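Notes to accompany the following structure.
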Amino acid sequence: MRKIAKIIFSLGALLTIASIVGIVISGTSLNMEPESEDWSGELILKDQAPMTFGHQLEWSSIYNVFVEDGKEVNVEVESLTNVDGAYFESCEIYNDCDYYDKDGYIEGFQYIGEIFVDDSGYYDIRFTVVDGDDQDTDPYVMIREEKIGGIFGIIGGFVGCCVGIMVLSIGIILSFIKKDKTELRPKQIIIVGREESKVVPELINADEGTKLEWWEDGS
């Protein structure tokens, strides 16, 4: 049984170490200075509206949308195969339009919302200029991809680390309570001789409280 305990202990140790390494790697991928423009994601589009931008969108990413300061555009997400697989939500819904006004601020642009993806696939993102917008030039729009795979990696690594520690603990416990079975040989008992004895009961007179021999019993 000690072999089983060693195997369980080894598996728990390997799982724990691998999970810790995964957490470190995932955390490193998320390590970024708030002053950096990439704080809001990697730039995948910067162009003038009106326009249509085709791109492979992944469910493991969030796509932050920006527009030139003082301008206003409409954003639509379309696909021939995944009709409801991705959609744009304005920052006004969650009242967080100032989210990137400090950390991740991009000079000359304002954050207007996010594109959420339920099903990965190729989508067309259409930008149209709002009617009545007083502007001399077409507004610039920007899309930045914020990958959240690192967050999933940290969560998965934490769960794996907990499971690894549990398995490791089980292996340690088994190594103490399980011992190798030893073979017990039956002892050989040799009977040399046996003497049979006959027990003669002693009778007691209940009235007198005296002992009577068996031949004196009147019964």
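The values are calculated or read from the model by the stated rules, or taken from the named source; none is laboratory data. Computed from a prediction, not measured in an experiment: that's the story for all the values here. Neighbour counts run over all protein chains shown; Cβ positions are idealised from the backbone, glycine included.
Miscellaneous remarks
- In the stretch 88-111, residue surrounded by the fewest Cβ atoms within 10 Å (Cβ to Cβ) [restricted to those that are hydrophobic (A, V, I, L, M, F, W, C) and out of contact with any helix residue (DSSP H, G or I) (no Cβ under 6 Å at 6 or more places or on another chain)]: Ile93
- When we screen Tyr87, Tyr63, Tyr100 for residues that are hydroxyl-bearing (Ser, Thr, Tyr) and part of a loop (DSSP other than H, G, I, E, B), the only hit is Tyr100.
- Among the residues of the stretch 101-117, those identified as under 35 Å from the mean Cα position of the chain (by Cα) and either modelled with pLDDT under 90 or of a type in the set (Lys, Arg) (or both) are Asp101, Lys102, Asp103, Gly104, Tyr105, Ile106.
- Some residue of the stretch 65-80 being farther than 18 Å from Met142 by Cα, modelled with pLDDT under 90 and touching a strand residue (DSSP E or B) at 6+ places or on another chain (Cβ under 6 Å): yes
- Residue within the stretch 136-143 that is under 30 Å from Ile20 (Cα atoms), in contact with a Lys or Arg (Cβ under 8 Å, 6 or more places away or on another chain) and modelled with pLDDT of 85 or more present: no
- Of all residues in the stretch 66-84 being β-branched (Val, Ile, Thr) and outside any loop (DSSP other than H, G, I, E, B), the one that is farthest from Glu145 (Cα to Cα): Val73
- Gln56 being assigned to a strand (DSSP E or B) and crowded, with 17+ Cβ neighbours inside 10 Å: no
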